[in-house]
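Visitor: Following this message is one structure expressed as structure tokens.
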Amino acid sequence: MSPRLENRHALLTGAASGIGLAVAAAYLREGARCTLVDLAAEPAAAVRALLALHPDHAQYQAADVSRLAQVDAVLEAARNRFGCVDLLFNNAAIFDLAPLLDSDERMFERLFAVNVKGAFFVMQKALAQMVAAGVSGAVINMASQAGRRGEALVAHYCATKAAVISYTQSAALAMAPHQIRVNAIAPGVVDTPMWSQVDALFARYEALPLGEKKKRVGAAVPLGRMGRPDDLTGAAVFLASSEAEYITGQTLNVDGGNVLS
């Protein structure tokens, strides 16, 4: 069988570690050309290793997705190297939490700048490139179980991920006449480097020992453990491939059973 993403060009944001890096590796295994995007000026060691394995199919570009001029530059560099982007894995995001009455404007603006503004305009600009080229592409936005329900300490983050789900639905309807599919994935609790920050914040506000929140959330998952980045790659490849050509506007829960819908 041919690789499922052969001759596709995927742009992946938040690709330096965790879910983004795991999906980039999966896309490369499936034959895609990949432009990996993250904040650091130079690629992390794990990214360098992936680039070395796929020198003709992968490149790294640094960008802050909340700065639209940088997004424009990345899309231009992506097209110059590998041609039109026809697959977007829209993953860059940040996390923070605080009690509702203590949450300030700075936290609100920082989370919405990356998780909503950045995600929307990366999607918009990638879609514009696809429409101009007349390609039948696919977008996969990274939502979260946090976008399905509010949480007392996590109001802003939950709201940003709910916005991602809503933008996914609106973009799917707008792009349907162009045969461009737009879907999302909603992970549950996934054991990535970001969880050390998450665990420390919960420890602070819930008076827990370090590591306790992580242990509890893993035990509460119906399948009995936290997710791993590789648990997301199957859904990410499927939604990107022709196997999902009649699926659009959906947000797929990949969370071990945490959210039932």
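The values are calculated or read from the model by the stated rules, or taken from the named source; none is laboratory data. The shown structure was predicted, so the numbers you read here are calculated from the model rather than taken from an experiment. Virtual Cβ from ideal backbone geometry, glycine too; neighbours counted across all protein chains shown.
Visitor: Here are Arg4, Arg79: which of them is assigned to a helix (DSSP H, G or I), farther than 23 Å from Ser144 by Cα and not aliphatic (A, V, I, L, M)?
Guide: On the way: Arg4 fails: assigned to a helix (DSSP H, G or I).
Criteria check complete, one pass: Arg79.
Visitor: Follow-up. Name the single residue that is farthest from Arg79 (Cα to Cα) among those in the range 27-49 being surrounded by fewer than 21 Cβ atoms within 10 Å (Cβ to Cβ) and touching a Leu at 6+ places or on another chain (Cβ under 7 Å). Don't jump to the end; show me each part of the working.
Guide: Let us first name the residues in the range 27-49 that are surrounded by fewer than 21 Cβ atoms within 10 Å (Cβ to Cβ), namely 29-31, 39-46, 48-49.
Restricting the remaining residues to those that are touching a Leu at 6+ places or on another chain (Cβ under 7 Å) gives 30-31, 43, 46.
Numbers: Glu30: 20, Gly31: 17, Pro43: 19, Ala46: 24 Å.
Per the criteria, the residue is Ala46.
Visitor: Output the residues belonging to the range 211-261 that are among the hydroxyl-bearing types (Ser, Thr, Tyr) and touching a strand residue (DSSP E or B) at 6+ places or on another chain (Cβ under 9 Å).
Guide: Ser241, Tyr246, Thr248, Thr251, Ser261
Visitor: Need the failing condition index for Met123 against (1) outside any helix (DSSP H, G or I); (2) closer than 26 Å to Glu245 by Cβ, just the number.
Guide: That leaves (1) as the condition not met.
Visitor: Could you say which residue among Tyr246, Tyr167 is closer than 27 Å to Ala26 by Cα, aromatic (Phe, Trp, Tyr), modelled with pLDDT of 95 or more and over 15 Å from the mean Cα position of the chain (by Cα)? Please lay out each step first, then the result.
Guide: Details: Tyr167 fails: over 15 Å from the mean Cα position of the chain (by Cα).
Unique residue meeting the criteria: Tyr246.
Visitor: Give the residues of the range 118-145 that are in contact with a Lys or Arg (Cβ under 8 Å, 6 or more places away or on another chain), buried (at least 24 other Cβ atoms within 10 Å of the Cβ) and either more than 21 Å from Thr233 (Cα to Cα) or of a type in the set (A, V, I, L, M) (or both), sorted by residue number.
Guide: Matches in the range 118-145: Ala138, Val139, Ala143.
Visitor: In this structure, is Gly224 within 30 Å of Arg106 (Cβ to Cβ), surrounded by fewer than 20 Cβ atoms within 10 Å (Cβ to Cβ), modelled with pLDDT of 95 or more and of a type in the set (Gly, Ala, Ser)?
Guide: Answer is no for this residue.
Visitor: Have a look at Arg149, Arg225 and point out the one that is in contact (Cβ under 8 Å) with a residue 60 or more places away in the chain and not hydroxyl-bearing (Ser, Thr, Tyr). Give the derivation first.
Guide: Working: Arg225 fails: in contact (Cβ under 8 Å) with a residue 60 or more places away in the chain.
So the residue among Arg149, Arg225 that is in contact (Cβ under 8 Å) with a residue 60 or more places away in the chain and not hydroxyl-bearing (Ser, Thr, Tyr) is Arg149.
Visitor: Same structure, new question: Conditions: (1) in a helix (DSSP H, G or I); (2) free of Cβ contacts under 8 Å to residues at least 60 places away in the same chain. Tyr205 meets all but one. Number of the miss?
Guide: Result: Tyr205 fails condition (2) only.
Visitor: Here's a follow-up. From the list Ala10, Ala40, Ala25, Ala16, which one is of a type in the set (A, V, I, L, M), part of a helix (DSSP H, G or I) and either under 22 Å from Val190 (Cα atoms) or out of contact with any His (no Cβ under 7 Å at 6 or more places or on another chain) (or both)? Let's see the steps before the verdict.
Guide: Numbers: Ala10 fails: part of a helix (DSSP H, G or I); Ala40 fails: part of a helix (DSSP H, G or I); Ala16 fails: part of a helix (DSSP H, G or I).
Within the list Ala10, Ala40, Ala25, Ala16, the selection yields Ala25.
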